[in-house]
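Everything on this sheet refers to the single structure shown next.
Just so it is clear, none of the values below were taken in a lab; they were calculated from the coordinates. Model, not experiment: these values are computed from the prediction. Reconstructed Cβ throughout: ideal geometry from the backbone, glycine too, with neighbour counts over all protein chains shown.
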Amino acid sequence: MENKYKSVIDEAVIKLYERYPELDDRYGETGRKKCYEDNIHHFNYLESAADVGESKVFSDYALWLNSVLVSRGMKSDHLIDNFKCIMESLEEHKVEKGEAFKLYLKQAIESIQFADKENIPTT
């Protein structure tokens, strides 16, 4: 999996850290590596969702992950922007299932935003 999406993930991590330079100050190189690993997990769930043709698989994962990250001091915006960076990278790197992945990412973003707006617990 890692090699299959490496260029997309590399670019998404770079984009995210350009948008949030404070992440480097707070988490350093260890944070970048963790972000890369998290993106591998995102793609695992994106592939699972695509395999069964069900965006809810990824949205449920995203809501759970967001609750974990927020409990550790991150903001929903960081995950949302990470997903947007992945979507942008998918635009630039044609990958199999890329269109489905972008749709699932968009729907997950909407789910997180709705949960935040409605103050719905995501755990």
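See the values below:
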read-out: Anchor K97: lysines whose Cα lies under 18 Å away (excluding residues fewer than 8 positions away in-chain); value: K4, K6, K56, K84, K106
read-out: Loop-resident sites, the range 35-119, for trypsin sites (Lys or Arg not before Pro), counting at most 11 other Cβ within 10 Å (DSSP); value: R72, K94
read-out: Shape of the range 69-123, Cα gyration tensor, a/c cut at 1.5; value: prolate
read-out: Potential extension, R19-D51 segment - 0.36 nm per residue separation minus Cα distance; value: 8.4 nm
read-out: The range 65-79 versus the range 13-51: alpha-carbon centroid distance in Å; value: 12
read-out: Signed unit charges on C-beta, dipole axis of the chain, positive-most listed residue G73, Y45, A62; value: G73
read-out: Whole-percent pair-distance distribution, where bins are 10 Å wide, for the alpha carbons of the chain; value: 13, 48, 34, 5
